[in-house]
Every structure is written in structure tokens, then in C-alpha cells.
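Only one structure is covered here, and it is reproduced in the block below.
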Amino acid sequence: MAGEGLRRPSLARRLVLLALGWSLTALVVSAVVLALLFQQEALRQFDLTLTNLIDNLTAGTTVEQGDVDAPALTDERALRAYSGRYWEIGERAPNGALRAIVRSRSLWDSELHAPPDLIARLAADPAHAVGFNTRGPLNEHLRAVALQSTLSGRPLIFLAAEDRSPIDRDVSAFIGYTAGFFLLLGAGLVAAVIVQVRIGLRPLFTLRREIADVRRGRAERIEGDFPTELTPLTEELNALMAHNHEVVERQRTHVGNLAHALKTPISVMITEAAQRPGPLAEVVSRQAEVMRQHVDHHLRRARAAARSRSQGERTDVSEVLDELARTLERIFIDKGVAIDWDADEDLAFLGERQDLMEIAGNAMENACKWCAAKVRVRAHARGADRMDLSIEDDGPGLPPDKREAVVRRGARLDEDAPGSGLGLSILDELARAYRGELKLGDSSLGGLRVDIELPRAAA
């Protein structure tokens with residue numbers, strides 16, 4: 001049952017998951033876009049610095065008698081070997097590759113590694129610089145920019161590169177800060193969505209409690225002030241409950257009319273038969289008495305079924321058990337029956353007092369008939385909406401093979417085995433009318449134990 005509860009669709013869970021789904025997706029997409037934009041801007045600024053270095057190279061480079069002379073730049077990093085800042089002047093070799101002509105001292109005896117398609121990309125757009133990533137002399141990650149320029153009719157390619165680890169660190173730091181901020185924002189959104197859904201669905205939770213109060217007998221109709229979207233629903237529910245109550249009242253009236261219509265002719269038959277002794281009169285009396293028992297039995301079932309489906313009523317269990325115990329002890333005073341009863345504090349039966357009197361009274365009277373001297377009655381709560389009533393005696397008990405027969409649903413009263421307790425089949429029908437259950441077992445006192453599960457009214 002717990003697994004079914006977890007799998008049951010929940011409107012609140014569905015709304016929370018939908019809101020969180022699109023919110024967290026928007027946050028993730030926003031964080032990724034921000035990180036990419038920051039990285040692109042950082043690379044653009046880095047490329048701009050390298051382009052300025054190329055402009056200085058281009059402005060100071062001369063070509064005389066086929067020799068390329070680079071300017072004497074004062075950049076200390078370009079003068080220090082493997083410093084992380086490099087420049088190079090090259091040209092296209094006969095094989096189509098880039099051939100270095102002049103390079104910075106920081107490169108020492110190395111060259112900048114250009115991608116194979118660099119010359120083609122520069123030729124396609126000579127006026128714009130081309131940026132790319134490459135590896136340096138120490139296998140470090142470099143960001144490089146290349147620009148093609150023609151000096152004295154000779155096409156040259158100028159390259160500038162620098163260690164890109166500062167950019168990568170800045171981007172990583174930005175991603176870390178952004179991720180932390182968006183995580184906090186996501187946690188705030190989760191809390192906000194949950195609060196929003198709980199507040200938004202609060203009228204539904206209130207409506208559920210109102211309906212539960214009606215079902216448990218605390219109220220007769222739904223009286224809460226609900227939003228316009230729920231007002232038609234509450235009106236329909238109140239109309240449905242009023243209709244059910246009207247149907248139940250009609251059933252009660254019909255049951256009463258039927259009882260009056262049948263009992264009177266049966267009583268007349270029994271009286272007339274008693275006044276005219278004889279074999280026929282005995283048969284009529286005996287069968288009329290059986291008919292009266294059947295009428296009482298089925299009318300009792302009908303009344304209990306009608307009342308069990310009406311709006312709930314509360315019946316204090318302790319009061320009923322105390323009254324029954326005192327009454328039955330007086331009835332069986334010659335037998336010396338002692339009834340020991342106990343009930344949970346504030347335990348209430350969800351139904352009418354008369355029905356609990358019939359249910360508990362039948363079971364306790366049966367125990368008093370067959371006990372030796374002692375009857376024990378216990379009533380306790382089972383969960384929020386069920387209660388257990390157990391009646392034990394120290395009598396001869398009932399063999400297991402006969403227990404099913406005496407509580408068989410619909411069993412005729414005159415078919416119950418001798419000594420089984422005539423009221424047990426009636427008791428079973430009354431319990432079933434309240435969607436309860438009756439079980440028979442062995443008592444620790446030595447006799448029969450009757451366990452009855454019944455609906456419980458909320459405390």
C-alpha cells in the first residue's frame with residue numbers, strides 16, 4: 001500500500017516538478033551562455049593585445065635587398081627565452097607551408113606552430129587577423145594571432161602569441177563564481193516554487209479537511225470560504241451530501257413502514273394460533289416466530305447499512321460498554337458473571353449509538369451465555385480511522401471447524417449449530433454493514449474470542 005501511495009499522481013508534486021524543470025533549465029542555459037560570452041570577450045581582448053603587437057612589428061619591419069629586418073622591440077618578455085610571449089615573421093614556402101624568417105628571442109630555436117589552413121585563411125581575407133590556439137616551446141597553451149601584410153612587394157605573415165593560462169584561469173574563476181551564484185539562485189527558486197505551490201493549493205487542502213470533517217461527523221456540510229474556481233465544486237459536494245442524506249432518510253422511513261407492516265400481521269398470527277391450540281396452530285406459531293426473527297434480522301441490517309452511509313455520528317465507546325456491562329451483570333446475576341472492560345480514552349465509534357449497542361451487546365451477551373464466570377472486553381484504536389473491539393470468555397469455546405459456519409454471511413438463524421451463539425451471524429452482518437470485519441479465535445481465558453473491526457470517529 002505504501003508503494004501505491006508513492007506512485008499515485010500528485011498535483012502538488014506535478015506543479016513543483018514542472019516549475020522546477022523549466023526554472024532549472026533556464027538557469028543552466030543562462031549560466032552556460034554567460035560563461036561562453038565571458039570566454040569570447042576575454043579572447044577578443046586578448047587577441048586585440050596580440051594584434052597591437054603585430055601592428056608594431058609591421059610598422060617597424062623593413063625589407064632591403066631581400067632581407068627582412070625586424071624592429072628592435074623593447075618588450076622584455078619577448079627578449080627572455082621561453083617567457084610565454086612570442087612573435088614571428090614568416091612567409092609561404094614553395095611547398096605551401098609557413099616558413100619562419102625572423103622570430104623573437106623568446107622562441108630561441110623554436111618556431112610557432114600554425115594550423116595547416118592558416119595561409120589559405122589569410123589569403124581569403126588579407127585585411128583581417130586570424131586567431132587560433134597552438135602549443136608553445138614548453139608545450140604550454142598559447143593564443144596566437146596571424147596577419148598577412150605586403151612590404152616592398154613581398155608578402156609576409158606576422159604572428160604573435162602569448163600564454164593563454166591567465167585567460168583560462170579568469171574563465172574558470174568566472175564559471176566557479178557563476179555556478180555558485182546560480183546554485184544559490186536555484187535553491188532559492190526551489191524554495192519559492194514549493195512555497196508558491198503550497199500557498200496556491202492551500203484551498204484544496206482546506207477542502208480536503210472540510211470533507212474529512214463531514215465524513216467523520218464533525219460537520220454536516222462544507223462551510224469554508226473558497227476561491228471562485230472551487231466554489232462550484234463545494235456547492236456540488238454540498239448538494240450531493242444533501243441528496244444522500246435525503247435518500248437515507250427515505251430508506252429509514254421505508255424500513256420503518258415495512259417493519260410496521262410485517263410485524264403487526266405476524267403478531268396477529270402468533271396470537272391467533274396461541275388461542276387455538278392444535279398441531280396446525282403449533283406449526284403456524286413456530287413458523288411465524290421464525291418469520292419475525294428474519295424480519296428483525298434483515299430490518300436491522302437495512303437500518304445499519306443506511307446509517308453507516310450517512311453523515312458520520314460519534315458514539316462514545318466507554319459509555320456504551322459501561323452501560324452494557326452493568327446491564328448484563330444484572331441479567332446474569334444468578335450465574336455470577338463478572339465483566340472486565342476497558343477502552344482507550346476518547347475512543348469513539350463512527351456511527352449511531354444504537355448500532356454500537358447492538359454490535360457490542362450481541363457479542364457480550366453471547367459471551368455471558370457461554371462463559372463460566374468471566375468476560376473480558378477491550379476496545380482500542382487502530383490507526384486514525386479504525387478501531388478494534390474484542391470480547392473474550394472463559395467458557396467451552398467454539399471448535400475451529402464450526403466458526404466459519406456461524407458467521408457465514410446470509411446464514412439462517414435456525415441453521416446455526418447448537419452452542420455457537422445465536423447472535424453471531426447477526427453480529428457479522430452488522431459489522432459488514434459498517435465496512436468492518438468479524439473474526440473468531442481462541443481466548444486466553446480458555447473460551448471464545450470475538451474480534452470486531454469498526455470505523456473510528458476522529459478524536
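The values are calculated or read from the model by the stated rules, or taken from the named source; none is laboratory data. Predicted model only: the values in this text are computed from it and were never measured. Reconstructed Cβ throughout: ideal geometry from the backbone, glycine too, with neighbour counts over all protein chains shown.
The number of residues in region 349-395 that are outside any helix (DSSP H, G or I) and not aromatic (Phe, Trp, Tyr) comes to 28.
Being more than 22 Å from the chain's Cα centre (by Cα) and in a loop (DSSP other than H, G, I, E, B) is a property that does not hold for Arg169.
Conditions tested, residue by residue: (1) in contact with a strand residue (DSSP E or B) (Cβ under 6 Å, 6 or more places away or on another chain); (2) at pLDDT 80 or above; (3) assigned to a helix (DSSP H, G or I); (4) over 30 Å from Thr25 (Cβ atoms).
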| site | (1), (2), (3), (4) |
| --- | --- |
| Gln196 | no, yes, yes, no |
| Thr228 | no, yes, no, yes |
| Val247 | no, no, yes, yes |
| Gly256 | no, no, yes, yes |
| Pro277 | no, no, no, yes |
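When Asp385, Asp401, Asp394 are checked against the criterion of being in contact with a Cys (Cβ under 7 Å, 6 or more places away or on another chain), at pLDDT 80 or above and assigned by TED's automatic domain parsing to the domain that holds Met357, a single residue qualifies: Asp394. Restricting attention to region 179-194, the residues being farther than 14 Å from Ala26 by Cβ and surrounded by 15 or more Cβ atoms within 10 Å (Cβ to Cβ) number 1. Flag: Gly200 matches the condition of being over 18 Å from Asp47 (Cβ atoms), not assigned by TED's automatic domain parsing to the domain that holds Asp55 and not hydrophobic (A, V, I, L, M, F, W, C). A single member of Gly84, Gly60 is touching a helix residue (DSSP H, G or I) at 6+ places or on another chain (Cβ under 8 Å) and of a type outside the set (A, V, I, L, M), and it is Gly84. Ile157 passes every criterion in (1) in contact (Cβ under 8 Å) with a residue 12 or more places away in the chain; (2) under 60 Å from the mean Cα position of the chain (by Cα) apart from (2). Residue-level analysis places His243 among those that are of a type outside the set (A, V, I, L, M, F, W, C), modelled with pLDDT of 75 or more and within 49 Å of the chain's Cα centre (by Cα). Of the candidates Phe205, Phe182, Phe226, the single residue that is among the aromatic types (Phe, Trp, Tyr) and out of contact with any Leu (no Cβ under 7 Å at 6 or more places or on another chain) is Phe205.
So which of Asp163, Asp170 ends up being within 30 Å of Glu76 (Cβ to Cβ), touching a helix residue (DSSP H, G or I) at 6+ places or on another chain (Cβ under 9 Å) and of a type in the set (Asp, Glu)? Criteria check complete, one pass: Asp170. For region 49-64, the set of residues classified as free of Cβ contacts under 8 Å to residues at least 24 places away in the same chain and surrounded by 13 or more Cβ atoms within 10 Å (Cβ to Cβ) consists of Asp55, Asn56, listed by residue number. With respect to Phe174, determine if the residue is touching a Phe, Trp or Tyr at 6+ places or on another chain (Cβ under 6 Å), among the hydrophobic types (A, V, I, L, M, F, W, C) and outside the structural domain of Gly351 (by TED's automatic domain parsing). It is true that Phe174 is touching a Phe, Trp or Tyr at 6+ places or on another chain (Cβ under 6 Å), among the hydrophobic types (A, V, I, L, M, F, W, C) and outside the structural domain of Gly351 (by TED's automatic domain parsing).
The criterion of being under 18 Å from Ile426 (Cβ atoms), aliphatic (A, V, I, L, M) and modelled with pLDDT of 80 or more does not hold for Leu350.
For beta carbons closer than 9 Å, sequence separation of 6+ or different chains, a first residue in region 265-286 that is of a type in the set (S, T, N, Q) and a second that is assigned to a helix (DSSP H, G or I), the qualifying pairs are Ser267/Ala288; Ser267/Arg292; Gln275/Ala281; Ser285/Met269; Ser285/Ile270; Ser285/Ala273; Ser285/Ala274. Among the residues making up region 342-358, a single one is crowded, with 20+ Cβ neighbours inside 10 Å and closer than 12 Å to Val377 by Cβ: Ala343.
Among the residues of region 325-341, those that are in a loop (DSSP other than H, G, I, E, B) and either surrounded by 19 or more Cβ atoms within 10 Å (Cβ to Cβ) or of a type in the set (Phe, Trp, Tyr) (or both) comprise Phe332, Val337.
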